[in-house]
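One structure below.
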Amino acid sequence: MAGFGFIPNDPEDSNDPENNRPDFEKMMRQMQEQMKAQFEQLGINPAGFVNPFTTLFSQTNIGNEKNKEEVLSISTARETAKKFVSAQGLKPIGAKELAVVDSAFEISELWLNEALSFPATNIAPTTATRLDWVDQTMVGWHKTIEPLAAGLSSAISNLLDQAMNAQAGEPSEGQPPIEMITMMLRSFIGTMIATQLGQSIGTLATSVTGAHDVGLSLLDPAHPVVIPENIENWAAELEIPKSEVFIYHALREGAVARLFANNPWLVSYIQSAVVEYGKGIHIDIDAIQRQAQSAFENMHENAQENMNFALDSGIFTPEESPTQKIALAKLETVLALIDGWTDEVTVLAASDRLPSIEQLRETLRRRRASAAPAQQLFSSMLGLQVSPKLTREASAFWKKIREVKSITERDQVWSGLLPTAQDLLDPEKFLNSTTIPDDLSGLL
């Protein structure tokens, strides 16, 4: 998360010894007002802000306020994303685009019936503008990322508990009360993450080709949705018939939608990985106290300089815990499995029907090697790098399973124990380890 700068509104006369003693309550109020002003300058309504002093010294009120507070402000995320998209210019969907998309989906759904075992979704494929995509997927984004905000909120609540025990008396002169610091963070953390999420979603809205282009289940129930404007831009520099490009993206979108619609447990699986990561978040209170104390002192030493209270500078865990590393590996692998399976199904469905299938496939790979949608989001929110190499290995894995077994048995892998990154390198060994022999007598 980006840091925020603050300056005092009304510096006291430094010649008065009494005024040299920090007025922490006043400073915190000034920080709150200036942070809200900074959000408003970005065109964002700073919803969810609370006055940290109304409940600061009441443990009961703190607990009640926590229950009332939204951990991650979905309205802030939505407003931020929409403002970003609107700033890029809005393009409505015309009758011509609708006809092209309808034709692409009509063809792709028939081809997919031959390339995978999962039936079509209950909701027919549709089109969306960039703003439509933001609205339709926001609840899914919120559900996916909320565990991060919850993890931060929990970490801050733990600090409050520690503060009540460790700092029962008055704080040392020149040192800000820990309750003020933790209350301020809890007050703003949801809005900060929501703003960052909104910016990420707004950025993605200008490039994703469909609701499932990021490899996440963002619609409930899952169904295919494409964004004609972004597909047009995707095809702008390609010397490929537009109809082929639309069919290609309709195939990919339809395949992932069917995967999620017929395997709802996948949503929980991905969510659990993010939850495990969020649970591992902790805050280095010593670092934050040092930073806050230095910032307060700088305010009095030079009232004209901004006070940089950066939340990303030594406050949060600098290195993931073992549990968090496992959660990130789990998330990276399942995203690669989803993307690799989509690639395998799409190529099988297109077969020799799309003359430009390999060019389309290579274009997608090349673009995702530098800026895959999932990588953009998870890199900014989790620091996760989804490896293009792992996706290629996953695609080869699914293809080999189909060649050795069948389409049905390839897709049945989703209903069992998912392969690890290591399993992707040896599909046949994975099959042998998960296949029950016909004759079990040798096991007795």
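The values are calculated or read from the model by the stated rules, or taken from the named source; none is laboratory data. It should be emphasised that the depicted structure is a prediction, and the values quoted were computed from it without experimental measurement. Counting neighbours? That spans all protein chains shown, and the Cβs are built from the backbone with ideal geometry, glycine included.
Results for (1) within 30 Å of residue 107 (Cβ to Cβ); (2) out of contact with any Pro (no Cβ under 6 Å at 6 or more places or on another chain); (3) crowded, with 19+ Cβ neighbours inside 10 Å; (4) at pLDDT 60 or above, shown as yes or no for each residue.
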position	(1), (2), (3), (4)
288	no, yes, yes, no
307	no, yes, yes, no
312	no, yes, no, no
317	no, yes, no, no
322	no, yes, no, yes
328	no, yes, yes, yes
353	yes, yes, no, yes
356	yes, yes, no, yes
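Here residue 141 passes the criteria (1) aromatic (Phe, Trp, Tyr); (2) at pLDDT 95 or above; (3) closer than 26 Å to residue 83 by Cα except the one numbered (2). Within region 377-399, identify whether any single residue is more than 15 Å from residue 338 (Cα to Cα), surrounded by fewer than 20 Cβ atoms within 10 Å (Cβ to Cβ) and modelled with pLDDT of 95 or more, and answer yes or no. Within region 377-399 (the criterion being more than 15 Å from residue 338 (Cα to Cα), surrounded by fewer than 20 Cβ atoms within 10 Å (Cβ to Cβ) and modelled with pLDDT of 95 or more), the answer is no, since none of the residues qualifies.
Mind checking which residues of region 99-113 are of a type outside the set (Asp, Glu) and out of contact with any helix residue (DSSP H, G or I) (no Cβ under 8 Å at 6 or more places or on another chain)?
Of the residues in region 99-113, the ones of a type outside the set (Asp, Glu) are 99-101, 103-105, 107-108, 110-113.
Across region 99-113, the qualifying residues are 99, 110, 113.
Selection of region 201-230 for residues being in a helix (DSSP H, G or I) and over 22 Å from residue 391 (Cα atoms) yields 201, 202, 203, 205, 228, 229, 230.
Identify the residue in region 203-221 that is of a type in the set (Gly, Ala, Ser) and crowded, with 22+ Cβ neighbours inside 10 Å and, among all such residues, is farthest from residue 231 (Cα to Cα). Walk me through how you get there before you give the answer.
Here is the first cut: in region 203-221, the ones of a type in the set (Gly, Ala, Ser) are 205, 207, 210-211, 215, 217.
Imposing the further condition that a residue be crowded, with 22+ Cβ neighbours inside 10 Å reduces the set to 205, 210-211, 215, 217.
Numbers: 205: 12, 210: 9, 211: 12, 215: 17, 217: 20 Å.
Among them, the one singled out is 217.
A Cβ distance below 7 Å, combined with a sequence gap of six or more or placement on separate chains, defines the contacts here; from region 227-248, residues that are under 13 Å from residue 207 (Cα atoms) and in contact (Cβ under 8 Å) with a residue 60 or more places away in the chain reach residues that are assigned to a helix (DSSP H, G or I) and basic (Lys, Arg) in the pairs 227/130; 229/130. Condition check for residue 117 on (1) part of a helix (DSSP H, G or I); (2) among the polar types (S, T, N, Q); (3) touching a residue at least 60 places away in the same chain (Cβ under 8 Å): one failure, at (1).
With respect to being surrounded by fewer than 24 Cβ atoms within 10 Å (Cβ to Cβ), out of contact with any Pro (no Cβ under 9 Å at 6 or more places or on another chain), of a type in the set (Asp, Glu) and part of a helix (DSSP H, G or I), residue 237 falls outside the description. When only residues in region 253-281 that are over 30 Å from residue 153 (Cβ atoms) and small (Gly, Ala, Ser) count, which is nearest to the chain's Cα centre (by Cα)? For region 253-281, the residue satisfying everything is 257.
Do we have residue 146 as in contact (Cβ under 8 Å) with a residue 12 or more places away in the chain and touching a helix residue (DSSP H, G or I) at 6+ places or on another chain (Cβ under 6 Å) here? Break it down stepwise before answering.
Working: in contact (Cβ under 8 Å) with a residue 12 or more places away in the chain: yes; touching a helix residue (DSSP H, G or I) at 6+ places or on another chain (Cβ under 6 Å): no.
Spelling it out, it is not the case that residue 146 is in contact (Cβ under 8 Å) with a residue 12 or more places away in the chain and touching a helix residue (DSSP H, G or I) at 6+ places or on another chain (Cβ under 6 Å).
For first residues located in region 343-356 and more than 15 Å from residue 242 (Cα to Cα), partners that are modelled with pLDDT of 95 or more and assigned to a loop (DSSP other than H, G, I, E, B) and lie 6+ apart or on another chain with Cβ distances below 9 Å form the pairs 345/116; 348/116; 349/116.
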